[in-house]
Amino acid sequence: MQPAVFLDRDGVLNIEAGYIHKVEDLHLIPGVAQAVRKLNDQQIFCCLVSNQSGPARGYYPVSHVEALHERLCQLLDQAAGAKLDALYYCPYLSEAEGGTNPEFTRYTTWRKPNTGMLVAAAWEQDLDLRNSFMVGDKATDVDMAHNAGCTGILVQTGYGESVLNGEYQHHTKPDFVAENLAVAVEWILPKL
Ligand SMILES: [Mg+2]
């Protein structure tokens with residue numbers, strides 16, 4: 001078993017822009033590709049874990065989420081030769097939360113702050129969750145990390161600052177607050 005660094009997508013890797021309907025509107029936060037590359041260079045498993053309810057809300061098909069991830073990987077590669085070792089996302093949403101497309105409207109343990117994506121990744125990639133880190137910009141990212149026994153880091157990019165101000169979601173207790181992913185990675189590296 002190896003440790004991993006789990007990364008949220010919107011507000012951590014790419015600029016938070018709500019539901020991204022056009023692939024060209026996905027842009028990296030400055031410095032993130034270099035930060036991911038540092039993890040790559042240390043052979044640390046980097047894994048995307050992202051709630052993507054667009055398909056359940058009927059905004060766009062799963063193929064569009066895949067296209068966004070293709071662009072994300074391209075941008076990471078172009079900027080710093082960085083790569084994600086695996087990508088997990090949850091396209092499902094319960095009806096109570098706003099799901100409308102029957103194909104993707106259901107409760108699922110994969111949706112953060114539930115731990116399904118982390119558990120699936122751990123099972124499929126042989127990862128040690130107790131010694132892994134989750135970097136996110138929402139309280140639900142930190143909650144998922146703790147629900148799975150991972151260390152939870154909140155970045156101040158994306159919704160992070162609003163979470164800290166008490167203006168978004170709910171209070172949470174991250175193990176570390178980082179200005180951005182680059183700072184988070186510097187904090188993580190000596191612990192791995
Ligand atoms: Mg996010």
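Where a number appears in this text, it was derived from the coordinates with a stated rule and is not lab data. Because the structure is predicted, anything quoted here is derived from the model rather than measured. In this analysis, Cβ positions are derived from the backbone assuming ideal geometry, glycine residues included, and neighbour counts consider all displayed protein chains.
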*Set Lys and Arg Cβ to +1 and Asp and Glu Cβ to -1, take the dipole of the chain about its Cα centre, and tell me which of W110, Q125, L154 lies farthest positive.*
Q125
*Net dipole in debye of the chain [+1 Lys, Arg Cβ; -1 Asp, Glu Cβ; about Cα centre; nearest 20]*: 160 debye
_Contact order normalised by length for the stretch 95-192, with contacts defined as Cα pairs under 8 Å and 6 or more residues apart; what percent is it?_
20 percent
*Highest-MSF residue in the chain out of K22, K112, K173 [GNM, Cα springs under 10 Å]*: K22
*Pop out the ³J(HN,Hα) list for the stretch 113-122 in order, Karplus 6.51 cos²θ - 1.76 cosθ + 1.60 with θ = phi - 60°, rounded to Hz; leave Gly and Pro as x.*
x, 5, 9, x, 5, 5, 5, 4, 5, 4
*Would you kindly derive the ³J(HN,Hα) couplings of the stretch 22-35 from the backbone phi angles with the Karplus curve 6.51 cos²θ - 1.76 cosθ + 1.60 (θ = phi - 60°), listing them in order in whole Hz, with x for Gly and Pro?*
10, 4, 5, 8, 8, 10, 6, 6, x, x, 6, 5, 5, 5
*Name the residues whose placed amide hydrogens come within less than 5 Å of the amide hydrogen of C90, ignoring near sequence neighbours (fewer than 5 apart) on the same chain.*
S50, N51, Q52
*Restricting to lysine pairs 8 or more places apart or on different chains, what number in the chain have Cα atoms under 24 Å apart?*
13
